[in-house]
1. Confirm whether D622 is assigned by the TED database to the domain that holds S666 and modelled with pLDDT under 90.
2. Could you tell me which residue of region 291-337 is modelled with the highest pLDDT, considering only residues that are of a type in the set (A, V, I, L, M, F, W, C) and open to solvent by 60 Å² or more (accessible area, probe 1.4 Å)?
3. Kindly evaluate V220 against the criterion of being modelled with pLDDT of 85 or more and more than 34 Å from the chain's Cα centre (by Cα).
4. Out of (1) open to solvent by 10 Å² or more (accessible area, probe 1.4 Å); (2) outside the structural domain of V454 (by the TED database); (3) modelled with pLDDT of 85 or more, the odd one out for Q562 is which?
5. Is it the case, given these coordinates, that L620 is under 26 Å from L202 (Cβ atoms) and surrounded by 22 or more Cβ atoms within 10 Å (Cβ to Cβ)?
6. Looking at (1) in a helix (DSSP H, G or I); (2) open to solvent by 70 Å² or more (accessible area, probe 1.4 Å); (3) over 25 Å from A117 (Cα atoms), can you tell me which one F204 breaks?
7. How about region 377-467: which helices (runs of 4 or more DSSP H) wholly inside it have at least 2 residues that are among the hydroxyl-bearing types (S, T, Y) and more than 21 Å from the chain's Cα centre (by Cα)?
8. Could you list, in sequence order, all residues of region 155-201 that are open to solvent by less than 80 Å² (accessible area, probe 1.4 Å) and of a type in the set (S, T, Y)?
Amino acid sequence: VSRQLKEEVRRGFARLEDPLAGLLAMLESSSDWKGKGHSLGYCITTELQLWIKEHPAVAQSGTKLKKLQARVLGMLSQCPANLLDPLISIYQLHTADRNYLLEHVTHLYLQGNYKEAAILSIKLKLQPDQDVEKMCTPLLLQDKANLVEDYVGEYPELQRKLLQTLDTWCDPSFNIRDITRPYQGLSGYKPEKFNRRVLSKLVFRLLERFNVDPALCPNVINQRHLRTLNYLFYKRFVEKTMTEENWADHIQSTVGENRWLQGHLVQSLLRHCGARGAARWARRCRVPPEMLPRAVAEELQELHIQDRVEEVAKADNYEDSKKKDYYQLPIPRENIHFLQTWGETLQCWEKVLQPGQIVGVDMEWKPSFGMVGKPRVALLQLALKDEVFLLDLPRLLEQAEAEGEKEKLSCFIQMLYSDAAITKLGYGMSGDLSSLVATCSALKDTEKQMQGVVDLLAVDKQVDGLSPEHSHEERGIRQPEKGLSLLVQHVLGKPLDKTEQLSNWEKRPLREEQILYAASDAYCLLEIYERLCKDPKSFGLGSDLTESLEGKQSKKPRAKKQLNKQEAPSSPSGQECQGSRMEPSRTPTPISPQEFSVVCDNMLQGLGRYLRCLGVDVQLLDNEDDHRKAAEIARQEGRVILTSGLPYQTLRSQVGEGRCFSVNCSEKAKEQALQVLKHFNVQVSLSDIFSRCQ
């Protein structure tokens, strides 16, 4: 039928004296083409576009074309997206008078058709002649940030202007209402999506997408640094999980010579350390004396006279005396090797790349504290039974590049991960690999080629009794153990000492505490693996876990992803372990989407909207909501919590068994939704789709 239709359409064009005028007359007298999808009007229009290419003599010019262009412009604002390009091409709108096109777009804008005005501007490439702030403001108020990104996408100058405008709005002294006031009656206005926090996130996304220098947005950058500063004070003086040296490194790199941040630093120091402590740190951070309050300045004089350095706080006096409370490396210090040359690294390779070898793999990078860009790996740890190698990646990459052998490091890492005869142990390997790719782009396909990999994060989720609420209060540590530290505590008896976790791993030389921490993080994986394989039943794991962990490697490469909290772990052979739960696994009773009600954590809004389209009863947390609000809603309304990452450990302990599910944040919403539906056995029928949509 389609072929017959096309042939009939083409015969019709050939009989018309003026096919372009004929198409317009047809579209003007019909409403069929205004709907979405491939309408009859769409089929005829696209066929004419092809036919004109084959019959160029048909194309119009001069006054006649201008009249047709005026008529088609009046239709474009009502057009579905799929008709815009064909009509613009057929009626050669790119050749039309630019001022005339700009006037038409301005008319649309003044009528309140902001989206249509922006889309038409993009299609006709009118942006350089428009006011970017004026065009984008109503779109941002309507939560159309993606359209704003497209609007400035091909114009670096407009990108910078937009970012400067957004940064001005994020200045704490700026009144956001000055922006929103002219648009009070705007349809689709979402005030909850237009605040400094949301705008700040948008700025960071645009800075990264368009690779713009962050210095262009001082307000947003300063506010993010201030949040980092407050977080560091919390970690050091409230949570007490950061050493003084580690904390000082981050404070200095965060504040630098920024006078505004130095002022906030001094105020925070006064609150937490008193005048003397504030004076000591002010001197160490080179805060100009004229910025110091009188009490701090006087103490600073005392320090100069006595030339003494006193402790800011005795917050970590338990560190040396209670090291027995933490996991200790069972190998001598001389067996930890910090490698900075290729000669040393080649000797390491010979030991690591041995068939039958079991290697604990971990990576460290400098915390970004939410700044632009993906973290780059600063240290790669490889643990064998008797020794640990710490590879200084920045130094090794620099040397390889200087020698013209950039691929040297990526070659070794690919050999390691793709060799089925070598068992690689990790914890959350998907996140580690994404940082490794950001460090060395040649490794982008490594995940697809992985074999012989055991991610203990997946095993962790099956271990009996593993819950963050079992914290050891007698150690005086406020925070419950979580993640790898919790697994180490449960399997080996003592947790990891995580006080160096947020270190500046790019600073050289590394401190002794950093070296020991990095080595422990990789080596403990070997001990956990050995213990679980020897006695899986004592940890609530099925006996087949041993078979899956020690099974033969599959010849077929399998892409490994960080598994969901409720899924069984994958074995090195790439097959899922069955029956490794505390209870025999059984498929839940099938339910319809109408019977399934969930609350989505605020990082999963895309998943929530997708599930709602399938008929699921969904409640979404706002960006400003604390994760714990999900547990309150779940308990009050009987909903299942959908979350991801660290909040899962906290939330699952606050609701009933099986009432909290963690999805992989790196997946798209559709894949996440399929995981959820499969896990809870939700059966979607055609009538469920869009059943909750107005």
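1. Numbers: assigned by the TED database to the domain that holds S666: yes; modelled with pLDDT under 90: yes.
It is true that D622 is assigned by the TED database to the domain that holds S666 and modelled with pLDDT under 90.
2. I305
3. No, not satisfied.
4. The number of the failed condition is (3).
5. Values: under 26 Å from L202 (Cβ atoms): yes; surrounded by 22 or more Cβ atoms within 10 Å (Cβ to Cβ): no.
Answer is no for this residue.
6. All conditions pass for F204, except number (2).
7. 407-418
8. If the condition is that a residue be open to solvent by less than 80 Å² (accessible area, probe 1.4 Å) and of a type in the set (S, T, Y), then Y155, T165, T168, T180, Y183, Y189, S200 are the ones that fit.
The values are calculated or read from the model by the stated rules, or taken from the named source; none is laboratory data. Source: prediction; values computed, not measured. Quick reminder, even Gly has a Cβ in these numbers, built from the backbone with ideal geometry, and neighbours come from all protein chains shown. All accessible areas refer to the heavy atoms of the entire protein, side chains included, with ligands and DNA or RNA removed. Shrake-Rupley method; radii C 1.70, N 1.55, O 1.52, S 1.80 Å.
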